[in-house]
Amino acid sequence: MAQTTIDMDDADAAKKANAFNMFAIPEGYLADPYPWFRLLRDHDPVHENPDGSLLITRYADVKEVWRDLTAVVDKRDQFRAKFGEGPLLEHHTTGMLFRDPPDHDRLRAIVNPFFATQSVASLRPVVEKLTRDLLDSFEDGVEIEFVGDVAFKLTIAVICNMLGVPVEDGNRIQQYGKRLLYPLNPSVSAQDIADGHEAVALFKDYLAGHLARVRSQARVDGSANILSALVDAERRGADISETEILHMCIIALNGGHESTTNLIAMSIHMLLEHPDQLALFRAAGDDIHVAIEELIRFISPIQFQGRRITRPTTLSGTDIAPNTEIVFGVASANHDDRVFDAPERLDLTRKPNAHIGFGAGVHVCIGRALAKLETSIVLPAVMRHFPRIERAGPALYAPSIRFRGLSALPLRLYR
């Protein structure tokens, strides 16, 4: 994909960067946000958003705040003003992602064993079989919509099994998840927020039934799945409420498929856009993990994150007062030429590659090992099964600036 350029002289660049508005993104931004990130990094690296928060886009600044143990993720007041009272506010203030230590650590410790490196590695035969069976079912020359027919179908099957809910409920789970996550975008409508409240309520009701099923068992094997682990922890007197259990399950289901679906589908899309890198990927062999790290950096499925700083901070020469909301431009940081050589070039041989696609500090993504495992299995398997892959229509970007993904990727696959 050719990079978009923004034509202007140096005098106009700062003005253009200052005028950037996350709440009203420019035309073409979803397909190619990188020129805007470059403008911000070079001319307005600590950019004030319309709501008073600050968008930081340089790698060093993002990493510094992300690792600041005094910065907090709690957004109770901000989300109450945005969402109003109700299930959506409850989810985004009760779930582990928006809790600070010690509550974050208390909740994370219960599910950590399922996402540890050794536990994830044990899933390899399962993921390989799911992938093989699915790809074997496609006829030569078949036309598919890759996002739904492959990337989502595989990742939702894995996380449903890990959690302990039926894989057949995957579409319902996906729709609930999309509706409750979308309101995290900067600019959303009252209807989007109402849909989010309804989705959380429906999601909780769905999971409450499965929680009751596990609770009804005389003996619960805490190693069987995440739901069983939560019930087992509850029976052993762990400090966790039913509300926390339900929201933990929602987070596990959403986090277990959404970003990895986006990563897998966007990887195929970007490899098709870069035929030289597609050829390298097909021949990667033992270097596949180097290639996967570069795809994570280049795509950055989670584009933005946030913290509230609690102490005076200086970033890129700008003094920032305590209690300021900071928005991390994760994707921008991963394309910062202060750190990465030719960052807007996809280079599957890139070493070193100190990207921060999965975060940093205590909130580093709990599912990063699972995402890497699935991607490292699915992408090579697609390449092996189908030596020729062609587009069957335009790729459609999902209408979200917080998450980078595709809503559709039509392909024809040839054996």
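For region 54-67, the candidate set comprises residues that are in contact with a Lys or Arg (Cβ under 9 Å, 6 or more places away or on another chain) and outside any helix (DSSP H, G or I); within that set, the residue that is most open to solvent (accessible area, probe 1.4 Å) is Arg58. Being out of contact with any His (no Cβ under 6 Å at 6 or more places or on another chain), closer than 27 Å to Thr375 by Cβ and either open to solvent by 30 Å² or more (accessible area, probe 1.4 Å) or in a helix (DSSP H, G or I) (or both) is a property that holds for Ala252. Summed over region 344-384, the residues that are more than 20 Å from the chain's Cα centre (by Cα) and either buried (at least 18 other Cβ atoms within 10 Å of the Cβ) or at positive phi (or both) give a count of 6.
Counting residues in region 281-301 that are of a type in the set (Ser, Thr, Tyr), open to solvent by 40 Å² or more (accessible area, probe 1.4 Å) and not in a helix (DSSP H, G or I) gives zero. Among the residues examined, Leu202 qualifies as surrounded by fewer than 20 Cβ atoms within 10 Å (Cβ to Cβ) and of a type outside the set (S, T, N, Q).
Suppose the filter is in a helix (DSSP H, G or I) and of a type in the set (Asp, Glu); does Asp221 pass it? When the stated conditions are applied, Asp221 does not pass them. Within region 129-187, if we keep just the residues that are under 19 Å from the mean Cα position of the chain (by Cα) and not in a helix (DSSP H, G or I), the residue that is nearest to Ala212 (Cα to Cα) turns out to be Asn185.
Being at negative phi and touching a Lys or Arg at 6+ places or on another chain (Cβ under 6 Å) holds for only one residue in Leu123, Leu130, Leu211, Leu184, and it is Leu184.
For Gly306, are the conditions met, namely being open to solvent by less than 20 Å² (accessible area, probe 1.4 Å) and in a strand (DSSP E or B)? Against the criterion (open to solvent by less than 20 Å² (accessible area, probe 1.4 Å) and in a strand (DSSP E or B)), Gly306 qualifies. Contact map, region 290-313: first residue closer than 22 Å to Asp68 by Cα, second residue open to solvent by 40 Å² or more (accessible area, probe 1.4 Å) and hydroxyl-bearing (Ser, Thr, Tyr), Cβ cut-off under 7 Å, separation 6 or more or different chains; pairs are Thr310/Thr70; Arg311/Thr70. For region 159-170, the criterion of being among the acidic types (Asp, Glu), over 25 Å from His247 (Cβ atoms) and either at pLDDT 95 or above or crowded, with 19+ Cβ neighbours inside 10 Å (or both) is satisfied by no residue at all.
Remark: Arg108 matches the filter, which requires a residue to be within 16 Å of Leu253 (Cα to Cα) and part of a helix (DSSP H, G or I). Within region 220-234, none of the residues are within 20 Å of Asn171 (Cα to Cα) and in contact with a Lys or Arg (Cβ under 6 Å, 6 or more places away or on another chain).
State all residues of region 319-336 that are in contact (Cβ under 8 Å) with a residue 60 or more places away in the chain and in a loop (DSSP other than H, G, I, E, B); if no residue qualifies, say none.
Thr324, Asn334, His335, Asp336
Determine if region 70-82 includes at least one residue that is part of a helix (DSSP H, G or I), of a type in the set (Val, Ile, Thr) and either open to solvent by 40 Å² or more (accessible area, probe 1.4 Å) or over 22 Å from Ile302 (Cα atoms) (or both). For region 70-82, residues part of a helix (DSSP H, G or I), of a type in the set (Val, Ile, Thr) and either open to solvent by 40 Å² or more (accessible area, probe 1.4 Å) or over 22 Å from Ile302 (Cα atoms) (or both): absent.
The values are calculated or read from the model by the stated rules, or taken from the named source; none is laboratory data. Given the structure is predicted, the values throughout are model-derived calculations rather than measurements. Using ideal geometry, Cβ is built from the backbone for each residue, glycine included, and neighbour counts are taken over all protein chains shown. Heavy atoms of the whole protein, side chains included, go into the accessibility calculation; ligands, DNA and RNA do not. Shrake-Rupley method; radii C 1.70, N 1.55, O 1.52, S 1.80 Å.
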